[in-house]
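Chemist: I have a structure here, written as structure tokens, and I will follow up with some questions on it.
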Amino acid sequence: MTTNPAPKKPAAAKEESADVATETPTGVATDTAPLASPAAGKVTVTLAHHHTLDGAAYPPGARIQVTPDTAHSLRTQGYATHG
């Protein structure tokens, strides 16, 4: 059984790749962004029909806050109105 030897790079290529790997980017932010509040990015909708969401039952006319995607889905299905 014969194995193929690993391809060898020329000495110049090894030096270049070592330089690239050791360089550190400048101007990169190291601080993390603060966590978003639970209400961030939420949309308020008024339910047109009785609806159960995440195990909670809501009567018609209830105003709930949901993500924009969920609000769009509820409106498309006729469960909610704008605002």
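Chemist: Taking residue 50, is it modelled with pLDDT of 70 or more and touching a Pro at 6+ places or on another chain (Cβ under 8 Å)? Spell out the reasoning first.
Modeler: Working: modelled with pLDDT of 70 or more: yes; touching a Pro at 6+ places or on another chain (Cβ under 8 Å): yes.
It is true that residue 50 is modelled with pLDDT of 70 or more and touching a Pro at 6+ places or on another chain (Cβ under 8 Å).
Chemist: Right, something else. For residue 37, all conditions in the list (1) at pLDDT 90 or above; (2) loosely packed, with under 12 Cβ neighbours inside 10 Å; (3) of a type in the set (Ser, Thr, Tyr) hold save one; what is the number of the exception?
Modeler: Unmet for residue 37, out of (1) at pLDDT 90 or above; (2) loosely packed, with under 12 Cβ neighbours inside 10 Å; (3) of a type in the set (Ser, Thr, Tyr): (1).
Chemist: For a quick check of your reading of the model, give me the residue pairs whose first member lies in segment 55-83 and is hydrophobic (A, V, I, L, M, F, W, C), whose second is surrounded by fewer than 11 Cβ atoms within 10 Å (Cβ to Cβ) and part of a strand (DSSP E or B), with beta-carbon atoms closer than 9 Å and at least 6 apart or on different chains.
Modeler: Correct list of pairs: 64/56; 71/82.
Chemist: Just for segment 40-83: of the residues that are assigned to a strand (DSSP E or B) and under 23 Å from the mean Cα position of the chain (by Cα), which one is surrounded by the most Cβ atoms within 10 Å (Cβ to Cβ)? Quick ask: steps written out before the conclusion?
Modeler: Step one: of segment 40-83, the residues assigned to a strand (DSSP E or B) are 43-47, 51-53, 56-58, 63-66, 80-82.
Filter once more, keeping what is under 23 Å from the mean Cα position of the chain (by Cα): 43-45, 53, 64-66.
Values: 43: 18, 44: 13, 45: 22, 53: 14, 64: 18, 65: 13, 66: 17.
Looking at the filtered set, the residue picked out is 45.
The values are calculated or read from the model by the stated rules, or taken from the named source; none is laboratory data. Everything quoted here is computed from the prediction, not taken from an experiment. Backbone-built Cβ (ideal geometry, glycine too); neighbour counts: all protein chains shown.
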